[in-house]
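Working notes for the structure below.
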């Protein structure tokens, strides 16, 4: 089941689903409008059915009454004083009043204006259309033709169950019911249901109907047809509209997805071109920001890994030198000292053995200085001044070298701090290994917009040019490091003997 859903999602992607949603919404809108229209017409349609049934019921009741009051048995003869309708009742034009299952038919004695709305009335007319009785004699007089007054004229047969038709000044619900003397008279020899007797007369009843009632009957069918046609026409447009409106968004999302996949594969230079300032555009810009931060984080991590590798390698070399060569030099120093003590004072080789001992001691001191230079520092953890203090302490404790330190905190860039530390390390190592200094001075203080590092010793000085451009590798590396930062480096002989190294570094790299 999961695989089936995954395949369906892959086959029918976002664009297909969004297009389908447009189609569904379009169809739902058409169906909703159709339902609202039909819902508006249903009450009128139900009201129309109720009104026509009441009109037919009233006409049937009046037809039975006419048959009962007729004085003849072969044709309808009404009494001279016979009145059709309720003489004491009045129903306004355009209105109806219910009575039981039928309608109240008022007897209208006067004449209403010619432009008045339809009224509720009843007529009795003969088979040839002659009016025999009327509830509205002023408008429908006895003896006149009913065919010219009632809807559909002589085609009254279709109104048996009640229909709604347009009439003068409005719309009416009407019904025509036959008067059957041999059916309704109680003493008739006719048995109902055995034969159909011809009508002896007819009763016509009408009541005013609302315009919406007519529209209900005549418009319900066409409205449904129009709704169906509209639904069939709008569905293709919904598909086209959905496909066109989602095409651009889907393409941008696919491009963003492919770029994300390449970024996940390790290509950290992948970026997307942001589009419009919409939700997808914000997502694209957020992706670029994320890619930039990820690239910077990975670069920093690589740099830290390389630095950690270098520090680890320097620590390994330092341990190897300490565990092997330093131990051998220490053993050789012990052997030379023992041999010198064992030889008599007048021995001709005693002088050479002392020279060997001194050489071994000098090599041992240089090895210790080299080990200190290889040892990782705590610049990144504690800062420049604590790192220099630790360096001074190590030289004093392990080599017995007196170092006078005068260190002031100075705001410097990280690259300048690293250069200052390396210059101090190189200066102290040179003073120990080459100058055989007894006392070293190390100072750090501010100098305008930068900082100045000074390493001075009381050793034997150096041979070569006083500008520090000699062939020594350590001096060249110090000069290159300082010049890369836009600073200056000077190496001078002190007046009282020894060497002075002065490095001026900018607070911010050039």
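The values are calculated or read from the model by the stated rules, or taken from the named source; none is laboratory data. Here the structure is a predicted model, which means the values were calculated and not measured. Methodologically, a virtual Cβ is constructed for each residue, glycine included, from the backbone with ideal geometry; neighbour enumeration extends over all protein chains shown.
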remark   = When (1) surrounded by fewer than 17 Cβ atoms within 10 Å (Cβ to Cβ); (2) part of a helix (DSSP H, G or I); (3) at pLDDT below 75 are applied to residue 300, the one that fails is (3)
note = Picked from the range 126-146 (must be surrounded by fewer than 16 Cβ atoms within 10 Å (Cβ to Cβ) and without any contact (Cβ under 8 Å) to a residue 60 or more places away in the chain), the residue farthest from residue 71 (Cα to Cα) is 138
key: Residue count for the range 313-327, restricted to those that are loosely packed, with under 11 Cβ neighbours inside 10 Å and part of a helix (DSSP H, G or I)   = 1
task = Identify, by number, the condition in (1) at pLDDT below 80; (2) surrounded by 12 or more Cβ atoms within 10 Å (Cβ to Cβ) that residue 279 doesn't meet.
result = (2)
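Might you let me know whether the range 418-438 holds any residue that is part of a loop (DSSP other than H, G, I, E, B) and modelled with pLDDT of 85 or more? It would help to see each step written out before you state the result.
Kept after step one, since they are part of a loop (DSSP other than H, G, I, E, B), are these residues of the range 418-438: 434-438.
Filter once more, keeping what is modelled with pLDDT of 85 or more: none.
Within the range 418-438, none of the residues are part of a loop (DSSP other than H, G, I, E, B) and modelled with pLDDT of 85 or more.
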Failed criterion for residue 98 (all others in (1) within 60 Å of the chain's Cα centre (by Cα); (2) exposed (fewer than 14 other Cβ atoms within 10 Å of the Cβ) hold) = (1)
Single residue of 496, 483 found to be farther than 24 Å from residue 370 by Cα, at pLDDT 85 or above and either assigned to a helix (DSSP H, G or I) or over 60 Å from the mean Cα position of the chain (by Cα) (or both) = 483
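In the range 432-455, which residues are within 17 Å of residue 399 (Cβ to Cβ) and in contact with a strand residue (DSSP E or B) (Cβ under 6 Å, 6 or more places away or on another chain)?
Looking only at the range 432-455, we keep the residues that are within 17 Å of residue 399 (Cβ to Cβ), and these are 432-442, 455.
Answer for the range 432-455, where residues must be within 17 Å of residue 399 (Cβ to Cβ) and in contact with a strand residue (DSSP E or B) (Cβ under 6 Å, 6 or more places away or on another chain): 435, 437, 439, 440, 441, 442, 455.
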query = Does the range 156-167 contain any residue that is farther than 20 Å from residue 102 by Cα, at pLDDT below 85 and part of a strand (DSSP E or B)?
reply = yes
